[in-house]
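Novice: Handing you this structure, nothing more for now.
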Amino acid sequence: MLASEEITSCLSPDVYSMVCKLGQEEEEDERLDIYTLITEDGKLLWVNFANYVCYHSPDGTLDYIKSVRLLRPACKMVHLHLMSITACFFKEKYEVWFEWTNNTQVFLEVFDLLRSKEVTTLSLALMKLTSLLERALGDVHLLVSRECPFLLRDLLASQELAKIFGQPVMDIFRVFLGSPKSLNLRNILWHGFAAPQEIPPEYCSMLLFFSGGLGQLLSDYLERTSSELVHRPYYSFTCLEELNIFPDPLLDPY
């Protein structure tokens with residue numbers, strides 16, 4: 001797909017404003033520096049990210065609009081940082097922190113895809129990232145439960161993950177993925193509402209960054225509790241012929 005091709009948005013006006021516009025109007029904060037968000041050895045400073053998350057008063061529910069507005073400049077800072085480092089440096093710093101996903105190589109490939117000139121690549125990378133992140137978080141949930149929630153929004157809102165990663169961390173993820181009122185990046189991509197160029201690249205960079213940060217937190221939890229993360233087996237289709245049940249539209253039915 002050429003970058004010059006005009007694509008009609010399928011996002012509603014409110015969702016388009018939330019995903020594409022909100023936070024762009026914020027002036028650059030001169031105090032915002034990448035090392036206010038991460039340490040020199042690459043560990044995320046979650047408490048500083050959590051300071052950008054806002055809540056309604058008095059019920060304490062997430063204020064998605066204010067949170068996105070404040071988080072987006074931080075997302076841009078993270079994106080610029082990732083664009084400034086090499087793939088070798090990124091692999092050296094973060095490869096170990098993606099092992100918890102059981103798909104380390106895919107997450108490393110997402111870093112490479114951030115630089116792609118093909119307009120569809122970023123959306124595809126984000127779709128893969130969010131799917132694998134959901135799968136991995138389900139495995140983590142099963143560390144302290146017998147069943148994993150079916151819906152991603154319920155998984156992110158679960159007390160089980162809050163117990164392992166901390167409620168502020170899970171609230172950050174809920175701003176990006178957890179509700180129709182949030183950025184809801186996974187759903188608007190997987191359900192085909194977002195055109196390729198509509199998702200700001202900094203959101204893909206931030207979720208990649210956060211995925212590695214979860215690995216850092218999980219490593220501490222597993223060491224502290226002497227636990228071991230077990231990954232659920234993937235389902236394998238053994239009789240592919242049985243899946244061929246739809247007629248070929250190119251064949252003449254007569």
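Novice: Could you work out which residue, out of H191, H79, H141, moves most in a Gaussian network model of the chain, that is, has the largest mean-square fluctuation with Cα springs under 10 Å?
Specialist: Ranking H191, H79, H141 by mean-square fluctuation puts H191 first.
Novice: Here's something else I'd like to know. Does region 41-193 classify as rounded, prolate or oblate by the C-alpha gyration tensor (a ≥ b ≥ c root eigenvalues; a/c under 1.5 gives rounded; else a/b over b/c gives prolate, otherwise oblate)?
Specialist: Cα axes put region 41-193 in the rounded bin.
Novice: Let me ask you something else. Which order do V78, V47 take when ranked by solvent-accessible area (1.4 Å probe, heavy atoms of all protein chains), largest first?
Specialist: Result of the area sort, largest leading: V47, V78.
Novice: Could you compute the net charge surrounding L124? Neighbours are other residues with a C-beta less than 15 Å from the C-beta of L124; K and R count +1, D and E count -1.
Specialist: Its environment carries a net charge of 0.
Novice: Beyond a 31 Å Cα-Cα separation, which of these cross-linked pairs lie in this structure: K21/K128; K21/K163; K117/K163; K91/K181?
Specialist: Pairs exceeding the cut-off: K21/K163; K117/K163; K91/K181.
Novice: Further question: Once the Cβ-Cβ distance between R115 and D33 is put in as r, and R0 is 30 Å, what FRET efficiency do you end up with, to the nearest 0.05?
Specialist: For R115 and D33, the calculated efficiency is 0.85.
Novice: Pull up all non-local amide H partners of L62: gap of 5 or more, or a different chain, and H-to-H distance under 5 Å with H placed in the peptide plane.
Specialist: Those lying under 5 Å, H to H, from L62 are H56.
Novice: Summarise the accessible area of the chain (1.4 Å probe, protein heavy atoms) by the percent that is carbon and sulfur.
Specialist: Details: 7870 of 14470 Å².
Carbon-and-sulfur percentage of accessible area, whole number: 54.
Novice: Ignoring ligands and nucleic acids, what accessible area does E147 show with a 1.4 Å probe (Å², nearest 10)?
Specialist: Rounded to the nearest 10, the figure is 150 Å².
Novice: Now a separate question. Cut-off 10 angstrom, C-alpha nodes, Gaussian network model of the chain. Which of G192, G23, G215 fluctuates the most?
Specialist: Evaluated over the chain, the most mobile residue of the options is G192.
Novice: Sequence gap at least 6, Cα distance under 8 Å: using those rules, report the relative contact order of the chain to the nearest whole percent.
Specialist: RCO, the chain: 25 percent.
Novice: Another question, if that's okay. Pick from T61, T238, T120 the residue whose mean-square fluctuation is largest in a GNM of the chain, springs joining Cα atoms under 10 Å.
Specialist: T238
Novice: Given a 1.4 Å probe and heavy atoms of the protein chains only, how would you sort M206, M127, largest accessible area at the top? Display every interim value, and only then the final one.
Specialist: On the way: M206 0, M127 35 Å².
Sorted by accessible area, descending: M127, M206.
Novice: Once R0 is set to 25 Å, what does the formula 1/(1 + (r/R0)^6) return for the Cβ-Cβ distance between K128 and L240, expressed as a FRET efficiency to the nearest 0.05?
Specialist: Working from the Cβ atoms, E equals 0.65.
Novice: So if each residue of separation counts as 0.36 nm, and I subtract the Cα-Cα distance between V106 and S57, what length gain in nm does that give?
Specialist: Taking 0.36 nm per residue and subtracting the Cα distance, the gain is 13.6 nm.
Novice: Which order do D63, D112 take when ranked by solvent-accessible area (1.4 Å probe, heavy atoms of all protein chains), largest first?
Specialist: D112, D63
Novice: Additional query: At 1.4 Å probe radius, can you tell me the per residue accessible area of the chain in Å²?
Specialist: Per residue, the chain has an accessible area of 57 Å².
Novice: Applying the Karplus parametrisation 6.51 cos²θ - 1.76 cosθ + 1.60 with θ = phi - 60° to the phi angles of region 107-122, what ³J(HN,Hα) value in whole Hz is obtained for each residue in order, glycine and proline being reported as x?
Specialist: Karplus values, whole Hz, x for Gly and Pro: 5, 5, 5, 4, 4, 5, 5, 4, 9, 5, 8, 6, 5, 7, 5, 4.
Novice: Please list, by residue number, every one of the trypsin sites (Lys or Arg not before Pro) in region 72-175 that is coil in DSSP and has at most 13 other beta-carbon atoms within 10 Å.
Specialist: When the trypsin sites (Lys or Arg not before Pro) of region 72-175 are filtered for loop state and at most 13 Cβ neighbours within 10 Å, R115, K117, R146 remain.
Novice: Among P58, M77, L142, which residue has its Cα positioned farthest towards the positive end of the charge dipole of region 18-146, with +1 placed on the Cβ of Lys and Arg, -1 on the Cβ of Asp and Glu, and the dipole taken about the Cα centre?
Specialist: My answer, from the dipole projection, is L142.
Novice: If R₀ is 41 angstrom, what is the calculated FRET efficiency for the pair T8 and H231, using the beta carbon separation as r and rounding to 0.05?
Specialist: The formula returns an efficiency of 0.55 here.
The values are calculated or read from the model by the stated rules, or taken from the named source; none is laboratory data. On a predicted model such as this, the values are computed, not experimentally measured, just so you know. Heads up, the Cβs are rebuilt from the backbone with ideal geometry, glycines too, and the neighbour counts pull from every protein chain shown. For the accessible areas, the whole protein counts, side chains as well, though only heavy atoms, and no ligand, DNA or RNA atoms are used. Shrake-Rupley method; radii C 1.70, N 1.55, O 1.52, S 1.80 Å.
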